[in-house]
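To start, the structure under review is shown below, and the notes come after it.
The values are calculated or read from the model by the stated rules, or taken from the named source; none is laboratory data. Given the structure is predicted, the values throughout are model-derived calculations rather than measurements. Cβ placement follows ideal geometry from the backbone for every residue including glycine, while neighbour counts extend to all protein chains displayed.
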Amino acid sequence: MDHGDEIPIGQRIREIRRYRGLGLRAAAQLSGISYGHLGKIERGEKPVDSRRMLEDIARTLRIHPAELAGGPFIPVDASSNTAHASLEAIEVTLTEWLPGEVPDDRPARPWHVACSDFNRLVHELRPTSDYAEMGTLVPDLMHDFLIYSADPRRRAEALKALISTYQATGRVTSALGAAHLGYLAAERVMVAADLLEDPDWLGVAAWTRAQYISSLTRRRQYDLAVKAAELENARLESRGMAHLTAALAAAAQGDRERAETHLDEASDMADALDLANSDWGAGTMNFGRTNVGIWRVAIGVELGAGAGIAEVARGVEWQAIPISRQGAYWMELGRGLLQDKRTRVAGMQAILQAEELTPQQVRSNPFVRDAVSSMLTVARRDAGGLDLRGLAYRMGVAPIG
């Protein structure tokens, strides 16, 4: 395929801005960034490197942020093709049946078969961010556990597995750029948790709703996350994750003080839990000291720490958590280091480390994709170095022009 098919974020911004009849200076002022910076973004010389910037520009252009960076991206390898092909089956199952309804189109597979696939999802695929295989499994798992949740003998166990499957479905669909399916999966988590009537899982549902809410409503996301963090009967894991989501929502609004307050609250909860990583909740959260550290790195990048993020990352015991979060650690560290010319080589090495650990997670991240595209534009393609050109090829991104 032609790797130039995908339109870079900067070029999309320029085309939509012109269509709206907005001058560059006016668009920059409305977006809260400098004229020169927006010009470099449009020419592909600088990436859009934070959620706040992406969402502010999208708001100026009167479009959804996903229209700039949300994909779904053009598949560039076999695993990408498999992952994207699964979205149709996922959408069908999510929209056909609500928790509490019993699918009547075909029987459930034997319980031991469904449980075997579920264990593979939880212990093998989700911890490695294998979106292709996750996408292949979750439609049948949702279908089977909907049926088994109507059996009084299996009800509680099936509902817990259903919640975890919906949660995994939200993760894979959001990562592949189908955010609308992530929103729907979060709603299904809430309905299933209400049926289960277990305070621990109601806490998971409250956090999931905040985590997957549309990026168009960061204020509401923050309020929902705070509410989930304050659920007294919920477990520390879900309450701690809610504080992390609240920190991200605050950072995306440029509120450093509130973001750091919630990071500290999450850190205190992780200390009380006294685990580097908790696997409670079928791997939906991975809450503990290590994950708080990784979120602190990600939120530091969001708040503009740049190369200074290396100091924040230094004390994170990244080996103590599943590979998916290890990949996230290196990816976020790399994104920060790429923002400073003096640390770009180290940033590229961190991104390559992340790609080695979790290739699908890295290649589908819109901020990494835009950073790589911008670096390649500045390097004028042939001078970009083998590592940069190879990564760009595997992502299917190319410079403007």
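When 263, 244 are screened for being touching a Phe, Trp or Tyr at 6+ places or on another chain (Cβ under 9 Å), in contact (Cβ under 8 Å) with a residue 40 or more places away in the chain, surrounded by 17 or more Cβ atoms within 10 Å (Cβ to Cβ) and not hydroxyl-bearing (Ser, Thr, Tyr), only 244 passes.
Within the stretch 142-157, track down each residue that is farther than 16 Å from residue 184 by Cβ and in contact with a Leu (Cβ under 8 Å, 6 or more places away or on another chain).
Correct list: 145, 149, 156.
Candidates are the residues of the stretch 348-362 that are over 18 Å from residue 336 (Cβ atoms) and surrounded by fewer than 23 Cβ atoms within 10 Å (Cβ to Cβ); the one that is modelled with the highest pLDDT is 356.
I'd like the residue in the stretch 72-105 that is closer than 17 Å to residue 168 by Cβ and of a type in the set (S, T, N, Q) and, out of all such residues, is modelled with the lowest pLDDT. Looking at residues that are closer than 17 Å to residue 168 by Cβ and of a type in the set (S, T, N, Q), I get 79.
Can you work out which of the residues in the stretch 94-135 that are surrounded by fewer than 19 Cβ atoms within 10 Å (Cβ to Cβ) and polar (S, T, N, Q) is nearest to residue 179 (Cα to Cα)? So the residue we want is 95.
For the stretch 248-259, does any single residue satisfy the condition of being surrounded by 23 or more Cβ atoms within 10 Å (Cβ to Cβ) and under 26 Å from residue 142 (Cβ atoms)? No, the stretch 248-259 contains no residue that is surrounded by 23 or more Cβ atoms within 10 Å (Cβ to Cβ) and under 26 Å from residue 142 (Cβ atoms). The residues of the stretch 251-302 that are in contact with a Gly (Cβ under 8 Å, 6 or more places away or on another chain) and under 18 Å from residue 336 (Cβ atoms), listed by number, are 292, 293, 297, 300, 301.
Restricting attention to the stretch 144-182, and to residues there that are of a type in the set (Ser, Thr, Tyr) and modelled with pLDDT of 95 or more, which single residue is farthest from residue 236 (Cα to Cα)? Result: 148.
Only one entry of 301, 316 meets the criterion of being at pLDDT 95 or above, in a loop (DSSP other than H, G, I, E, B) and farther than 30 Å from residue 159 by Cα, and that entry is 316. On the basis of being in contact (Cβ under 8 Å) with a residue 60 or more places away in the chain, over 18 Å from residue 45 (Cα atoms) and buried (at least 21 other Cβ atoms within 10 Å of the Cβ), does residue 332 make the cut? No: the conditions fail for residue 332. Just so you know, in the stretch 266-306 the residues that are farther than 20 Å from residue 208 by Cα and without any contact (Cβ under 8 Å) to a residue 24 or more places away in the chain include one that is surrounded by the fewest Cβ atoms within 10 Å (Cβ to Cβ), and it is 274.
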